[in-house]
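Everything below concerns the one structure shown next.
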Amino acid sequence: MDSSLILIRPVVSEKSYVLSAANRYTFRVHPDAHKTQIRQAVEELFGVHVVEVRTLSVKSKPKRRGTTRGRTRTWKKAIVQVRQGETIPIFQGLGPGMRFVSYPDFAEITKSEPEKRLVEGLTKSGGRNRHGRKTARHRGGGAKRAYRRIDFKRRKDGVEARVAAIEYDPNRSAYIALLHYADGEKRYILAPQRLTVGMMVASGEGADIAVGNCMELARMPVGTVVHNVELAPGRGGQLARSAGASIQLMAKDGDMATLRLPSGEMRMVRAECRATVGVIGNADHQNVKVGKAGRKRHMGVRPQTRGTAMNPVDHPHGGGEGSTTAGRHPVTPWGVPTLGYRTRKKHKASDRYIVRGRRRGKGKQR
């Protein structure tokens, strides 16, 4: 088969744009072409050395043109990995949605498919509770996700584990690490910075103060930077679980430990609470620019309508002739103050554990 017939055209999309940064290029290929033919065609046309070729079939999708409904055709796609330092000159779109967009660097990712035994189905709620009432606005749709079961408790003591892979998790901003324990069990944990494939991690009393190891705060020296910190012993990590987050152990006094949270709050927890050494990875997540509304929809975020654009029956800011101001302090559709209004319950029982509030020099902020 002629090389020009094997490669039909390059695939220009958001995903292909991200893959091209890692020397992986996507092509629409002839349905009867096999990997060897695709490899030879790419090397002949572009003068590069192909390292790996992956092929997959893209299923047909519903399509409507006016009042006519139908389905698209099933087609074949090939993802070609070329040698480091070599590139294929493929034009990428530079429209308004792609001009200022930025993507995360997936260089740390070493495995694309999750571990099947650690994955379960995830049903979307669309922002509704069990009664069907909307409790979170602007939620719905988005790409399908599979939930990865993460070990937040880290209670498997005395058994070392090897880091087998660093994976992407669509349900959180942080990356996750796949651990292979010495007894054959596999688990997912949050991947901290400087944790690489092949490293050994452990938890419990015999663990050293090293990145990825989990132990009680009582066994850590003051000043240690940790993440995935428990609020109560045995409950599992609840604090500092997002990308780039970390907590510093500031002091230990008896059976209590003082922590400095990312918000600046100083808080005491039981010294028996466990934490994992290190800073959560993927710190550049905060610098990602979405670029266009379509990516937001892929994330499951629906459009937001301004209150001033609504009618008075729909929002307290609604009504008026033409473009008007809200005429009052910003509120939610239900009249609750917003934009700075403190929603934390006053006189909570856990307030006694807050040494200093989030605002420096202001005392306790409830």
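Can you go through Ser3, Ser60 and tell me which one is more than 24 Å from Ile109 (Cα to Cα) and modelled with pLDDT under 80?
Ser3
How about region 194-239: which of its residues are in a loop (DSSP other than H, G, I, E, B) and among the aliphatic types (A, V, I, L, M)?
Leu195, Val197, Met199, Ala202, Ala207, Ile209, Ala210, Val211, Met220, Val222, Leu231, Ala232, listed by residue number.
Please go through region 151-166 and pick out each residue that is of a type outside the set (D, E, K, R) and in a loop (DSSP other than H, G, I, E, B).
Phe152, Gly158, Val159
So in region 121-170, with the set limited to residues that are touching a Gly at 6+ places or on another chain (Cβ under 6 Å) and among the hydrophobic types (A, V, I, L, M, F, W, C), which one is nearest to Glu272 (Cα to Cα)?
If we take residues in region 121-170 being touching a Gly at 6+ places or on another chain (Cβ under 6 Å) and among the hydrophobic types (A, V, I, L, M, F, W, C), then Phe152 is nearest to Glu272 (Cα to Cα).
Check Arg260, Arg270 and return the single one that is free of Cβ contacts under 8 Å to residues at least 24 places away in the same chain and either of a type in the set (Lys, Arg) or surrounded by 15 or more Cβ atoms within 10 Å (Cβ to Cβ) (or both).
Only one candidate passes the filter, namely Arg260.
Surrounded by 13 or more Cβ atoms within 10 Å (Cβ to Cβ) and modelled with pLDDT under 95, is that true of Thr123?
Taking the combined requirement at face value, the residue does not satisfy it.
Could you tell me which numbered condition Val290 fails, if it satisfies all but one of (1) at pLDDT below 95; (2) more than 28 Å from Ala143 (Cα to Cα); (3) of a type in the set (Val, Ile, Thr)?
(2)
For Asp169, all conditions in the list (1) among the acidic types (Asp, Glu); (2) assigned to a loop (DSSP other than H, G, I, E, B); (3) modelled with pLDDT of 95 or more; (4) surrounded by fewer than 17 Cβ atoms within 10 Å (Cβ to Cβ) hold save one; what is the number of the exception?
(4)
Is at least one residue of region 164-174 among the polar types (S, T, N, Q) and under 28 Å from Ala257 (Cα atoms)?
yes
For residues that are in contact with an Asp or Glu (Cβ under 7 Å, 6 or more places away or on another chain) and over 30 Å from Gln37 (Cβ atoms), scanning just region 87-120, find the one that is surrounded by the fewest Cβ atoms within 10 Å (Cβ to Cβ).
Once the filter is applied, the top-ranked residue is Asp105.
Any chance region 342-350 includes a residue that's β-branched (Val, Ile, Thr) and either exposed (fewer than 13 other Cβ atoms within 10 Å of the Cβ) or farther than 30 Å from Ser102 by Cβ (or both)?
Yes, that holds for at least one residue.
Among Ala251, Ala283, Ala275, which is under 30 Å from Gly234 (Cβ atoms), buried (at least 17 other Cβ atoms within 10 Å of the Cβ) and of a type in the set (Gly, Ala, Ser)?
One residue alone meets the criteria, Ala275.
Tell me which residues, restricted to region 45-86, are exposed (fewer than 13 other Cβ atoms within 10 Å of the Cβ), over 35 Å from the mean Cα position of the chain (by Cα) and not in a strand (DSSP E or B).
Within region 45-86, Gly47, Gly66, Thr67 qualify.
Please enumerate the residues belonging to region 5-24 that are part of a loop (DSSP other than H, G, I, E, B) and over 20 Å from Ile38 (Cα atoms).
Ser13, Ala21
The values are calculated or read from the model by the stated rules, or taken from the named source; none is laboratory data. Not measured: the values here are computed from a predicted model. Cβ: placed from backbone, ideal geometry, glycine included. Neighbour counts: every protein chain shown.
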